[in-house]
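Report on the following structure.
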Amino acid sequence: MNHHHGKRTIERSTVTGLWPLFSHAMPASTTKVQAWTDGSCGGKDRIGGWAYYVEHGTRSIESSGGAHDCTISMMELEALRQLLLRLKPKPHPLEIHSDSQYVTRTYTEWIVGWSRNRWHTATGKPVANVELVQEVWQLIREHRLVRPVSLIWVRGHVGNHGNERCDVLAGIARLQMKGEHLKLTAKPNTLIES
């Protein structure tokens with residue numbers, strides 16, 4: 001259940017080698033953690049999907065899920081929220097890539113002004129998805145206590161492997177929310193959790 005909107009959320013996780021990302025015994029390192037996030041949403045049916053994909057050295061994790069009665073912006077934010085919840089704050093620099101200018105600009109350009117303006121935009125309108133925006137901002141700040149966090153916009157659908165993987169996973173999650181069952185193909189040496 002998605003606690004933000006009271007909607008059913010499905011999640012499928014694929015995990016390989018969690019130790020470098022999640023172990024408390026992990027040594028301090030400057031090895032960069034690279035992550036990609038993406039959202040997908042049908043305009044008329046308002047059924048959406050989200051996904052993230054993470055690489056750290058030779059290890060990777062990915063996850064996806066979906067929701068009803070949502071927007072593309074909500075799914076883009078949800079992908080980032082799920083990523084930040086899954087990754088524990090560790091000393092490795094975290095670089096997050098998104099093809100959503102809404103997501104990257106929210107946390108690199110707009111967030112400080114919005115918070116100073118009591119969660120209203122420069123034009124005086126209330127910030128859309130404000131609870132989700134605020135929760136993600138809190139998660140980013142928690143990670144920044146122990147590591148540098150960068151949000152980087154990437155152009156979608158141009159062959160960026162992490163972005164392409166998230167696009168596929170978010171699309172599949174959206175279709176599954178619509179009730180279309182697809183067989184997910186795992187990469188070699190990948191464990192799928194239910």
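General observations
- E142-K44 FRET efficiency (beta carbon distance; Förster radius 30 Å; 0.05 resolution): 0.25
- Per residue, the convex hull volume that the Cα atoms of the range 35-194 enclose (Å³): 125
- Taking a ≥ b ≥ c as the square roots of the eigenvalues of the alpha carbon gyration tensor, the range 59-121 is oblate, as a/c is not under 1.5 and a/b does not beat b/c.
- Virtual spin-label span in nm between R116 and T31, 7 Å along Cα→Cβ: 4.0
- Shape category assigned to the range 81-161 from the gyration tensor of Cα positions, a/c cut at 1.5: oblate
- With all protein chains in place and ligands, DNA and RNA left out, the 1.4 Å accessible area ranks S40, S115 as S115, S40, largest first.
The values are calculated or read from the model by the stated rules, or taken from the named source; none is laboratory data. Quantities reported herein were computed from a predicted structural model and do not represent experimental measurements. Virtual Cβ from ideal backbone geometry, glycine too; neighbours counted across all protein chains shown. Protein only, heavy atoms only, side chains kept; ligands, DNA and RNA dropped before computing areas. Shrake-Rupley method; radii C 1.70, N 1.55, O 1.52, S 1.80 Å.
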